[in-house]
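J.: Structure incoming, see below.
The values are calculated or read from the model by the stated rules, or taken from the named source; none is laboratory data. For clarity, every value in this text was computed on a predicted model and none was experimentally measured. Glycine also receives a Cβ, built like all others from the backbone with ideal geometry; neighbour counts cover every protein chain displayed.
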Amino acid sequence: MRVSVFGAGLMGHALALVHALGGHSIRITDNNEQTLERSLGLMQTALATLRDAGEVDASWTSERLAAAVTRCPTVAAALEGAELVVEAIVEKPEAKRALYTEIDALAPLDAIIASNTSYLDIFPLMPERRQARTLIAHWYTPPYLVDLCDIVGSDKTDPAVIETVRKVVAAMGKVPVVMQRFIPGYIANRIQSAITLEVNRLIDEGYATAQDVDAAVIHGLALRIPILGHMAKADFTGLLLTQAALANRMYAPPDVKGHSPTVDRLVADGRTGVMSGKGYFDWGGRSPDELFRERDRKLLALKRALREIGHMEGK
């Protein structure tokens, strides 16, 4: 399949890599020349990590990747012969609307348009004649390691288009989850957002430190979730306990304040995360590149272990 990727930044270059490894021919573009220029190098770095871990065939050299991915300076060049258009630009409605107008004018009429948006309802932004072949295919970073892909259409999306994209994603060895209808954040992001609200309250109100939170997540939640998920875990715990917990209202969600004093303070101090060297934690002067490589190696090791262990699946 001829795939056009719009956006060559954090998600765009990684999605180009995922689709290239899936056997597709890629054209990628970005309105920032420097971002587009460095995208191939980022793909090659990620490819080397995958190759070293044995996750891709040794034939996937930098040269083979360069042959599979064409960097295009213009929208028109990127859309030449496009069968699938992957939109992974900034999460701003007007920016997406402007791009969709350009795509509408230049893309083949039978092209499928898939937005990687995390939260936006992009369907009202899309020209009417493209609605039937437009959907959301939302990936998680880094998509060459995290297999989940949320797929959702609008009430105007042709079900056959949704099924086509589901098959494409599955054929790449990924895990498509087709939503019944659109809701911002889909499943995983909404659960993650709820966790974020709660842990911010625990830290802001002095119940726990960031270290305490991660210890509880890693040694409590995370041990069971890869094997059981959440709903199967409830079955093993027993739904009588779930029923009692709901009746007793043992948990009340935090009021949404729109901000966290702790996060505000960290950002004001320039502690914005790994890219700045510090966030909730001090990352010891190690470069982001080094930290990302370590993260990727450990995620790969975990994926290999989970493949061997398997997970428990009900029906």
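J.: If you check Leu291 against the conditions, is it in a helix (DSSP H, G or I) and under 25 Å from Arg201 (Cα atoms)?
T.: It is false that Leu291 is in a helix (DSSP H, G or I) and under 25 Å from Arg201 (Cα atoms).
J.: Condition first: of a type outside the set (Gly, Ala, Ser) and surrounded by 15 or more Cβ atoms within 10 Å (Cβ to Cβ). Now tell me which residues in segment 170-189 satisfy that.
T.: Result: Met172, Lys174, Pro176, Val177, Val178, Met179, Phe182, Tyr186, Asn189.
J.: Looking at the structure I just gave you, is Ala210 farther than 21 Å from Leu148 by Cβ and either in contact with a Ser or Thr (Cβ under 7 Å, 6 or more places away or on another chain) or at pLDDT 90 or above (or both)?
T.: Yes; evaluated as a whole, the condition is true for this residue.
J.: Among what's in segment 127-156 and is surrounded by fewer than 23 Cβ atoms within 10 Å (Cβ to Cβ) and of a type in the set (S, T, N, Q), pick the residue that is nearest to Glu94 (Cα to Cα).
T.: My answer is Gln131.
J.: Restrict the check to segment 38-56 and report whether at least one residue is within 17 Å of Val165 (Cβ to Cβ) and surrounded by fewer than 21 Cβ atoms within 10 Å (Cβ to Cβ).
T.: Looking through segment 38-56, none of the residues is within 17 Å of Val165 (Cβ to Cβ) and surrounded by fewer than 21 Cβ atoms within 10 Å (Cβ to Cβ).
J.: Quick one: in segment 81-117, of everything that is out of contact with any helix residue (DSSP H, G or I) (no Cβ under 9 Å at 6 or more places or on another chain) and part of a loop (DSSP other than H, G, I, E, B), which residue is farthest from Gly22 (Cα to Cα)?
T.: This residue is Lys92.
J.: Continuing with the same structure: Working only within segment 173-226, note down all residues that are of a type in the set (Gly, Ala, Ser) and closer than 30 Å to Gly22 by Cα.
T.: Within segment 173-226, Gly173, Gly185, Ala188, Ala222 meet the criteria.
J.: Could I ask something else about it? Please verify whether Arg265 is within 30 Å of Thr45 (Cα to Cα) and in a helix (DSSP H, G or I), treating the condition exactly as stated.
T.: So Arg265 fails the test.
J.: Counting only residues that are surrounded by fewer than 14 Cβ atoms within 10 Å (Cβ to Cβ) and among the hydrophobic types (A, V, I, L, M, F, W, C), which one in segment 190-224 is nearest to Tyr140 (Cα to Cα)?
T.: My answer is Ile191.
J.: Could you identify the single residue in Ala66, Ala20, Ala77 that is part of a helix (DSSP H, G or I) and under 25 Å from Lys298 (Cβ atoms)?
T.: The unique qualifying residue is Ala20.
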